[in-house]
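Notes to accompany the following structure.
Read-outs: derived from the displayed coordinates by stated rules, not from any lab. Keep in mind that this is a model prediction, so the values were computed, not measured. Cβ placement follows ideal geometry from the backbone for every residue including glycine, while neighbour counts extend to all protein chains displayed.
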Amino acid sequence: MVLKLFDQHFGRGYRVYEKSLRTTEGASAFLVKGEEGKRLVVVSEKTLDFSFEKRYEIEGKIFLFCKMDHENLEKLVKLFPELKPSTCGLKPSFGTGDRLGITTPAHVRALEGTGVFPVFAQQSVRENERTGRTWRDVLADAVWGVFQEGYRGEFGADADHVKREEDLLKAAEEGFTMFTIDPSEHVRNLSKLSEREKNEILEKTLKKDRVDRRYLGKKYAILGEKFEFDEKTLRDAVVLYYDAIAHVEMMYQLLRERTREFDFEVSVDETETPTAPLHHIFIVEELRRRGVEFTNLALRFVGDWEKGVDYKGDVKAFEREIRIHAEIARMLQGYKLSLHSGSDKFSIYRPFALATQGLFHVKTAGTSYLEAVKVVSMVSPSLYREIHRVALENFEKDRKSYFISADLSKIPDVEEIRDEELPKLFEDPNVRQLVHVTYGSVLKDTELKKKIFEVLEKNEELFHEVVKNHIEKHVKLLKG
């Protein structure tokens, strides 16, 4: 009835997002797109407390045309509390980072009805710094996308790879429901330490905490293999992780003082060498001894986990390793294994899913941005060439904080490639990594960013369909 009335009086000038329509007692709300861009329309029998640009009274109903700003979003969420993010617990889950802030409708289409809990708001501190966004922006963009697509289910909001206290507290204040702690600055690399230095670190630890009494000589049988904490294994576990675990505990307690219900992920994946089975056990036991209740644990698995490309390594070796780690997680109970740099790792999703049996979380971030830029190459070749040039100019600077092996000498000259051939560039791992890591430089170019958004908004359905298909490919493999 509301949409029919709107169409009768405003239909010529607006496209209505029909799936966005929500109704509660005395009010309805939905999104439209017109010459001025997208707007929230709120309809009621009396003027509600929304900040509006236009107001019309038609057949006893008041139509408010409102900007999609933070103030109006807060009021919209009060009308429809299901738009708030929630916790996930031990359900299988999948995180979809959105560096642009306009991709959530595609993520909804890919994940709705799959049985996998979606984390639609997921961004790292590093990504926010490079794109100029805030925690509030990330969550708001995701909620607007959820609203636009008419999604009624639960979803999460992950403050990803948080290292500093101030970032953690700000994310909690904004309403995030999941917090991924990255203690990598407190994880030592064994190869950079001499035997004497390792022993000194252990002795220093033992003076304040006799970890040897808790672990030395402990034995475990896992899938037919025997593991024992001997002096070297325990020493290395302490050297690697003891200080990192203390940092995680501190961050957890800060969070507990401010909010009671949240998903907590511990990320120790950024180490030089893969996480040994006994080190996995050490991390879990020490976290629990300190009272840290965590939902997800991200380990460093065997092989190379580069951004934007498939797994590099021996798939059989990974399969053996993930089976052991999944068995440890089942033995110790109460948490899921999390796969970081999970984008596009198609060759290992099947063994990962089989081993974890639904106790998993997978994070994707840059792959949705890559698909968005691919859409630009499909519909605006000249704009893609502009993006490509900026990416090349900034690659050496932007690559420094990412683990990639892209070789720019293997990338063809885009000026010599025909327009219709440009999308095929995204089949080249070198191009994918070039575009993946330079998003900050591209999006901080105000004019270039404006052009990208204009093209994607103009081709919104194609953009969402391309991203949806790509994310679906991930989820289908994980679901088997």
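Just a few scattered comments:
- Cβ-Cβ FRET estimate between Arg289 and Ser191, R0 fixed at 35 Å, reported to 0.05: 0.80
- When the listed pairs Lys307/Lys374; Lys163/Lys198; Lys19/Lys75; Lys363/Lys479; Lys33/Lys451; Lys410/Lys468 are checked against a 22 Å cut-off, the alpha-carbon distance exceeds it for Lys163/Lys198; Lys410/Lys468.
- Among residues other than Ser124 with Cβ under 14 Å from its Cβ, the summed charge is -2 (Lys and Arg +1, Asp and Glu -1).
- Per-residue ellipticity at 222 nm from helix content only, as computed over the chain with -39500 (n - 2.57) for each DSSP H run of at least four residues, stands at -14500 deg cm²/dmol.
- Across the range 193-201, computed HN-Hα scalar couplings (Karplus, 6.51 cos²θ - 1.76 cosθ + 1.60, θ = phi - 60°) run 10, 7, 4, 4, 5, 4, 5, 5, 5 Hz from first to last residue, x flagging Gly and Pro.
- A simple spin-label model places pseudo-atoms 7 Å from Cα toward Cβ; at Asn199 and Met1 they are separated by 8.4 nm.
- Put in line by how crowded their Cβ is, counting other Cβ atoms within 10 Å and starting with the fewest, Cys88, Cys66 read Cys66, Cys88.
- Computed E for Asp419/Asp69 - FRET, C-beta separation, R0 35 angstrom, nearest 0.05: 0.40
- Here Lys54 and Thr134 are evaluated by their C-beta separation; at R0 = 35 Å the FRET efficiency comes out at 0.75.
- The order of Met1, Met331, Met251, going from fewest to most other C-beta atoms within 10 Å of their C-beta, is Met1, Met331, Met251.
- Anisotropy class assigned to the range 367-477 is rounded, per the alpha carbon gyration tensor with a/c under the 1.5 cut-off.
- Where labels lie 7 Å past Cα in the beta-carbon direction, separation of Glu165 and Leu408 in nm: 4.1 nm
- Under the simplified labelling scheme, the Lys397-Lys78 pair shows an inter-label distance of 4.3 nm, with each label point 7 Å from Cα along Cα→Cβ.
- Multiplying the residue separation of Glu36 and Leu206 by 0.36 nm and removing their Cα-Cα distance gives an extension gain of 54.6 nm.
- Taking Ser377, Ser382 and counting other C-beta atoms within 10 Å, the order from fewest to most: Ser382, Ser377
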